[in-house]
1. When the residues of segment B:57-90 are filtered to those that are within 10 Å of the chain's Cα centre (by Cα) and in contact (Cβ under 8 Å) with a residue 60 or more places away in the chain, which remaining residue is least open to solvent (accessible area, probe 1.4 Å)?
2. Give B:Glu56, B:Glu44 a once-over and let me know the one that is at pLDDT 95 or above, in contact with a strand residue (DSSP E or B) (Cβ under 8 Å, 6 or more places away or on another chain), within 14 Å of chain A (Cβ to nearest Cβ) and on the phi < 0 side of the Ramachandran plot.
3. Take the residues in segment A:45-61 that are open to solvent by 70 Å² or more (accessible area, probe 1.4 Å) and either in a loop (DSSP other than H, G, I, E, B) or modelled with pLDDT of 95 or more (or both); name whichever of them is nearest to the other protein chains (Cβ to nearest Cβ).
4. Can you tell me which of B:Ser94, B:Ser62 is more than 9 Å from chain A (Cβ to nearest Cβ), in contact with a His (Cβ under 7 Å, 6 or more places away or on another chain) and not aliphatic (A, V, I, L, M)?
5. Filter segment A:92-115 for residues that are assigned to a loop (DSSP other than H, G, I, E, B) and more than 8 Å from chain B (Cβ to nearest Cβ) and give the result.
6. Before we move on, is B:Leu32 among the aliphatic types (A, V, I, L, M), open to solvent by less than 10 Å² (accessible area, probe 1.4 Å) and within 14 Å of chain A (Cβ to nearest Cβ)?
7. Only one of A:Val4, A:Val84, A:Val13, A:Val89 is more than 30 Å from B:Leu112 (Cβ to Cβ) and crowded, with 16+ Cβ neighbours inside 10 Å. Can you tell me which?
8. Pairs under 8 Å by beta carbon, first residue farther than 21 Å from A:Thr112 by Cα in segment A:34-61, partner among the acidic types (Asp, Glu), six or more apart or different chains?
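The values are calculated or read from the model by the stated rules, or taken from the named source; none is laboratory data. All values derive from a computational prediction rather than experimental measurement. With ideal geometry, Cβ positions are generated from the backbone for all residues, glycine too; neighbour counts draw on all protein chains shown. To get the accessible areas, we keep the full protein, side chains included, count just its heavy atoms, and leave off ligands, DNA and RNA. Shrake-Rupley method; radii C 1.70, N 1.55, O 1.52, S 1.80 Å.
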Amino acid sequence: AQKVTQAQTEISVVEKEDVTLDCVYETRDTTYYLFWYKQPPSGELVFLIRRNSFDEQNEISGRYSWNFQKSTSSFNFTITASQVVDSAVYFCALGGDTSGSRLTFGEGTQLTVNP
Amino acid sequence: DTGVSQNPRHKITKRGQNVTFRCDPISEHNRLYWYRQTLGQGPEFLTYFQNEAQLEKSRLLSDRFSAERPKGSFSTLEIQRTEQGDSAMYLCASSLGPGSTDTQYFGPGTRLTVL
């Protein structure tokens, strides 16, 4: 069975602060895929990043960066110099070869960036 | 590219009524998925299609739920004899395929309220 844990239910920061969202996963698959999605108040899930299990290279995209560590089964997401528009619920998700096409999502982290 | 679209965006119904939702995937995407999201939770997988074939169904998809994708393009999700526990956001996603772990792109969802 696959499992994703996002232990932080809610995070509140002040604009321009850096913030890290944690994601820990469990899987028996040797090949698996990790995703981050953003869900603003409008409700639509917006794809942010995909990472394959065989690629542990960290990635930076503008103010966003992701730290993938297989040794600790973690795939954390950092927003640098947060902005009010970053306020949303962020979901980490896991897919794998034995789970077919289903994604397993964590419960999400509500990020509030205050001006 | 036009994204995934879903109609209606909101549906309020009385317990016992039938409801039908529609999803139009991204053009040329072969795979289409349905998820359900309740308040404060991450999305949960319901079912998916490869073209017109329904290839996997979650145990969450009770006998009152039926999904179709008749011509491999749009899909409908019908709930018969709705119950209050069916109140949720119903999300549709599509992916290019045929890979089972292609990135899934989500629509804005249909929020169902059963009174």
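1. B:Tyr90
2. Details: B:Glu56 fails: at pLDDT 95 or above.
Being at pLDDT 95 or above, in contact with a strand residue (DSSP E or B) (Cβ under 8 Å, 6 or more places away or on another chain), within 14 Å of chain A (Cβ to nearest Cβ) and on the phi < 0 side of the Ramachandran plot holds for just one of B:Glu56, B:Glu44, which is B:Glu44.
3. Ranking the qualifying residues of segment A:45-61, first place goes to A:Phe54.
4. Numbers: B:Ser62 fails: in contact with a His (Cβ under 7 Å, 6 or more places away or on another chain).
Answer to the selection: B:Ser94.
5. Pass one, segment A:92-115, residues assigned to a loop (DSSP other than H, G, I, E, B): A:100-103, A:106-108, A:115.
Within segment A:92-115, A:Pro115 is the sole residue that qualifies.
6. Values: among the aliphatic types (A, V, I, L, M): yes; open to solvent by less than 10 Å² (accessible area, probe 1.4 Å): yes; within 14 Å of chain A (Cβ to nearest Cβ): yes.
Considered against the rule, which asks whether it is among the aliphatic types (A, V, I, L, M), open to solvent by less than 10 Å² (accessible area, probe 1.4 Å) and within 14 Å of chain A (Cβ to nearest Cβ), B:Leu32 comes out as yes.
7. Details: A:Val4 fails: more than 30 Å from B:Leu112 (Cβ to Cβ); A:Val84 fails: crowded, with 16+ Cβ neighbours inside 10 Å; A:Val89 fails: more than 30 Å from B:Leu112 (Cβ to Cβ).
Matching residue, one of A:Val4, A:Val84, A:Val13, A:Val89: A:Val13.
8. A:Arg51/A:Glu59; A:Ser53/A:Asp29
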